[in-house]
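The values are calculated or read from the model by the stated rules, or taken from the named source; none is laboratory data. Quick caveat, the model's predicted, so the values are computed rather than measured. Cβ atoms come from the backbone with ideal geometry, glycine included; neighbour counts cover every protein chain shown. Note: accessible area is taken over every heavy atom of the protein model, side chains too, but ligands, DNA and RNA are not part of it. Shrake-Rupley method; radii C 1.70, N 1.55, O 1.52, S 1.80 Å.
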Amino acid sequence: MAIALERLAILTLVLCSASLSGERSLVAQSPTYGVGRPPTAEELKAIDIEVTPDGKGLRPGSSTAAAGKEVYTRRCETCHGPTGTEGPQDVLAGGRGSLATSRPLKTVGSYWPYATTLWDYINRAMPFDHPGTMTTDEIYGVTAYVLYLNGIVKEQDVVSQTTLPRITMPNRDGFVVDPRPDIPILRKKKP
Amino acid sequence: MESKSRRWFLGRGALGAMWSAALVACRAKPDAAPAEPRALGAAVSPYGSRSKFEKTTRFFNQNTKVPLEEASSRTPLHDTYGIITPSSLHFERHHSGVPEIDPATHTLTIHGLVDRPLAFAVADLKRMPSISRIHFLECSGNSSSEWRGGGAETDVQRSHGLTSCSEWTGVSVALLLNECGVQPAATWALAEGADACKLSRSIPIKKLMDDAFIAYAQNGEPLRPEQGYPMRLFLPGWEGNSNVKWLRRLKLMDQPAMSREETSKYTDLMPDGTARQFTFDMEPKSLITRPSGGDTLPGPGLYELTGIAWSGRGAIASVEITMDGGNTWQPAELQSPVLPKAHTRFRWTWKWDGKEALFASRCTDETGYTQPPLPQLVEIRGLNSNYHNNGIQAWKITADGKITNGNRA
């Protein structure tokens, strides 16, 4: 009896370790080196946050500049000023028509080519000292308000995952491909 | 434009006065050093530190509105030697501070347009075939102050201290991507950090399959937290910002994400108001680091003149020195090793005759590109192009031996 129990215990141990190693082989998926594991759906959801110009990655939600003003005042104004022009940190509004002058002012309105970038950046990095603490609708609200400060949307326009990618930013076509080297290359003759 | 660029060559006073005084003070030795001590020295220690007599540090401006978590600190190029920058003196540029990351909980996830999304732990990467490469890393904003003639940057650390060079060790990105199975539609990858702002940059797949690697070590030990511990993306020769630190994922995509850093920042504004986008490689550049701005030579005689040259497109082929403001150039000696996309040390023996002179270096890389005078770049790119300045840096020595920024001479 004692022997039978012992055998049962051993068998259980063997089965357990077999199932563990079975799990292990499922987990390791790098075909050549057998390292790494598939990320879980939850892990991916937590990190898969970028928003592209076509709007992919935007979370469902909406707001208006009128509603976003309160959030902006509470969360953004200290660094960016009441109307986005005062600083002390990055100036967000104004500067239209200044890019070709001797004092260019690069703002969301004068420089940023895509409205989706604004949402993406607020979502991932703002407010500077407490990123990731605004709700989805608050992010839409602040986005709408900054666009409003630049005269790109009206106070009551609904900014949402559907409407945001449709906004054409004033400097949308302001970017050109890097042509460097942009000076002549004089290949030297060997002595 | 012409009249503005001429302003650089106007004199601007002696901002280096304090520096020179300090240098003179250092050289004044009132008493002879004591003889070698007979008492016992210190015992062995677990982690080394430098001599208490050595004081050189990274420089950062503490009197700005910029929070120090998104500031930069600069390598003392005038007081570092050879081609390797000590990890403790490697320049820093953060966007939301240095995160404290436990390597036991950190993973690099490769996902998006791949057959097998995979999360790699630090230990996983260390099991795979490793590569070690000596490469420079330069912020594309390095020497940007020189575009408009510079501010208070009278010395090489302040003007050019956003470049450093290390031996980096890690795993080839191509190897990792092949393990995940890249789908044909993938043309870009988003690289994203685990810092507070989740800094992100889009990188063309071509570069990732070429010479990119995930670095987990620097100069023989695990990365410093300021350099991305426990792992960072390393893109040899490309602007610092694209070498994403604290890397947490690479997402294979069919387009660039157009993140804030690659649209509103790190783009080069041209005179017509358009901006160049995706300006990745750092062009050939060199400068004389010693003697340089802020130094004072005690008198005429022989001096070793030394500096560094580098190119994001390959190896340095030659470095030349001018002592007459660019009228004539003479070859400098390159010190081995001369490695692609790495700082290369050059030397030249200078017999200073005690007269005023405008001196500088220029390099040519293996592609045949010769580092241009800054006004040549300004002529094409205007004065608003803040990034990617690889123009010649001139120093001016006056008869009293004082050396200042020659771009304003």
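By the scheme Lys and Arg +1, Asp and Glu -1, what is the net charge of all other residues having a beta-carbon under 14 Å from that of A:Ala46?
Details: positive: A:Lys45, A:Arg59, A:Arg124, B:Lys198, B:Arg248, B:Arg249, B:Lys251; negative: A:Glu42, A:Glu43, A:Asp48, A:Glu50, B:Glu192.
Neighbourhood net charge equals +2.
What FRET efficiency, computed as 1/(1 + (r/R0)^6) with R0 = 60 Å and r the Cβ-Cβ distance, is obtained for B:Leu40 and B:Ala123, rounded to the nearest 0.05? All intermediate terms of the calculation are to be shown ahead of the outcome.
Values: r = 42 Å, r/R0 = 0.70.
Computed FRET efficiency for B:Leu40 and B:Ala123: 0.90.
Given a 1.4 angstrom probe, I'd like the percentage of the accessible area of segment B:52-177 that is carbon and sulfur, rounded to a whole number.
Details: 2470 of 4970 Å².
After summing per-atom areas, the C and S share lands at 50 percent.
For segment B:321-409, report the accessible area per residue in Å² (1.4 Å probe, heavy atoms, rounded to an integer). Don't skip to the end; give the middle numbers.
On the way: 3370 Å² over 89 residues.
Here the residues of segment B:321-409 average 38 Å² of exposed surface.
So if each residue of separation counts as 0.36 nm, and I subtract the Cα-Cα distance between B:Asp400 and B:Gln376, what length gain in nm does that give?
On the way: separation 24, 0.36 × 24 = 8.64 nm, distance 3.09 nm.
So the chain would gain 5.5 nm between B:Asp400 and B:Gln376.
What are the residues whose amide H is under 5 Å from the amide H of B:Ile134, where those residues sit 5 or more places off or on another chain and H is modelled from the backbone?
When sequence neighbours closer than 5 places are left aside, the close amide H contacts are B:Trp168.
Relative contact order for chain B: what percent, with Cα pairs under 8 Å and sequence separation of 6 or more? Mind showing how you got there, number by number?
Numbers: 960 pairs, mean separation 71.6, N = 409.
Computed value for chain B: 18 percent relative contact order.
Out of the total accessible area of segment B:312-409 (probe 1.4 Å, heavy atoms of protein only), what percent is carbon and sulfur? Each step should come with its number before you reach the end.
Values: 1760 of 3590 Å².
Answer for segment B:312-409: carbon and sulfur cover 49 percent of the accessible area.
So, in Å, what gap is there between the alpha-carbon centers of segment B:36-55 and segment A:161-184?
56 Å
Which whole-Hz ³J(HN,Hα) couplings does segment A:122-131 yield from phi under the Karplus relation 6.51 cos²θ - 1.76 cosθ + 1.60, θ = phi - 60°, glycine and proline marked x?
4, 4, 8, 9, 10, x, 3, 8, 9, x
Listed here are the pairs B:Lys265/B:Lys402; B:Lys65/B:Lys402; A:Lys106/A:Lys154; which of them are more than 26 Å apart at the Cα?
Numbers: B:Lys265/B:Lys402 37 Å; B:Lys65/B:Lys402 32 Å; A:Lys106/A:Lys154 22 Å.
Result: B:Lys265/B:Lys402; B:Lys65/B:Lys402 exceed 26 Å.
Using alpha carbon centroids, what distance separates segment B:246-300 and segment B:356-409, in Å?
Cα centroid of segment B:246-300 versus Cα centroid of segment B:356-409: 16 Å apart.
How shielded is B:250-262 by partner chains, expressed as the average number of their Cβ atoms within 10 Å of its Cβ atoms? Kindly include the intermediate steps, with their values, before the conclusion.
Values: counts 0, 5, 0, 3, 1, 4, 2, 10, 11, 9, 11, 3, 1.
Mean shielding by partner chains, rounded to a whole number: 5.
Mind giving me the FRET efficiency for B:Leu302 and B:Asn327? R0 is 22 Å, r the Cβ-Cβ distance, nearest 0.05 is fine. Write down the numbers at each step before the final one.
Numbers: r = 22 Å, r/R0 = 1.02.
My answer for the efficiency is 0.45.
Taking θ as phi - 60°, what are the ³J(HN,Hα) couplings along segment B:92-99 by the Karplus curve (6.51, -1.76, 1.60), each to the nearest whole Hz, with x for Gly and Pro?
10, 8, 10, 10, 7, x, 8, x
So if R0 is 45 Å, what FRET efficiency would A:Arg74 and B:Arg116 give, r being the distance between their Cβ atoms, rounded to the nearest 0.05?
About 0.50, to the nearest 0.05.
Cα atoms only: what Rg and Dmax, in Å, come out for the protein assembly as shown?
My reading of the Cα-based Rg and Dmax gives 27.2, 105 Å.
Helix-only mean residue ellipticity at 222 nm, chain B, DSSP H runs n ≥ 4 weighted -39,500 (n - 2.57), per residue, nearest 500. What is it? Write down the numbers at each step before the final one.
Values: 8 runs with 53 residues, N = 409.
After summing the helix terms and dividing by residue count, I get -3000 deg cm²/dmol.
Kirkwood Rh over alpha-carbon pairs of segment B:78-152, then Stokes-Einstein at 25 °C and 0.890 mPa s: what D in µm² s⁻¹, rounded to an integer? Intermediate values should be presented prior to the final figure.
Numbers: Rh = 17.0 Å.
Roughly 144 µm²/s, to the nearest whole number.
With a 1.4 Å probe on protein heavy atoms only, work out how much accessible surface A and B bury together, total over both chains, in Å² to the nearest 100. Before the final figure, lay out the partial values.
Numbers: alone 13630 and 19170 Å², together 27580 Å².
That pair hides around 5200 Å² of surface in total.
Quick one: accessible surface of B:Tyr81, probe radius 1.4 Å, all protein chains present, in square angstrom to the nearest 10.
Here the accessible area works out near 130 Å².
What are the ³J(HN,Hα) couplings of segment B:325-335, residue after residue, when phi is run through the Karplus curve with 6.51, -1.76, 1.60 and θ = phi - 60°? Round to Hz, x for glycine and proline.
Taking θ as phi minus 60°, the curve returns x, x, 6, 10, 10, 10, x, 8, 8, 8, 9 Hz for segment B:325-335.
Averaged over peptide A:44-54, how many Cβ atoms belonging to another chain are found within 10 Å of each residue's Cβ? It would help to have the intermediate numbers written out before the result.
Numbers: counts 7, 0, 2, 10, 7, 6, 12, 3, 9, 5, 1.
Going residue by residue through A:44-54 and averaging, the value is 6.
In segment B:213-227, whose amide N lies under 14 Å from the spot 7 Å out along Cα-to-Cβ of B:Ile131? List them in ranges.
Label zone hits: B:213-216.
If amide H atoms are built 1.01 Å from N in the plane of the peptide, which residues on other chains or at least 5 residues away come under 5 Å of the amide H of B:Met253?
When sequence neighbours closer than 5 places are left aside, the close amide H contacts are B:Leu113, B:Thr187, B:Trp188, B:Ala189, B:Leu190.
With an 8 Å Cα cut-off and a minimum separation of 6 or more residues, compute the relative contact order for segment A:49-166 in percent. List each step's numbers first, then the result.
Numbers: 199 pairs, mean separation 47.4, N = 118.
Relative contact order comes out at 40 percent.
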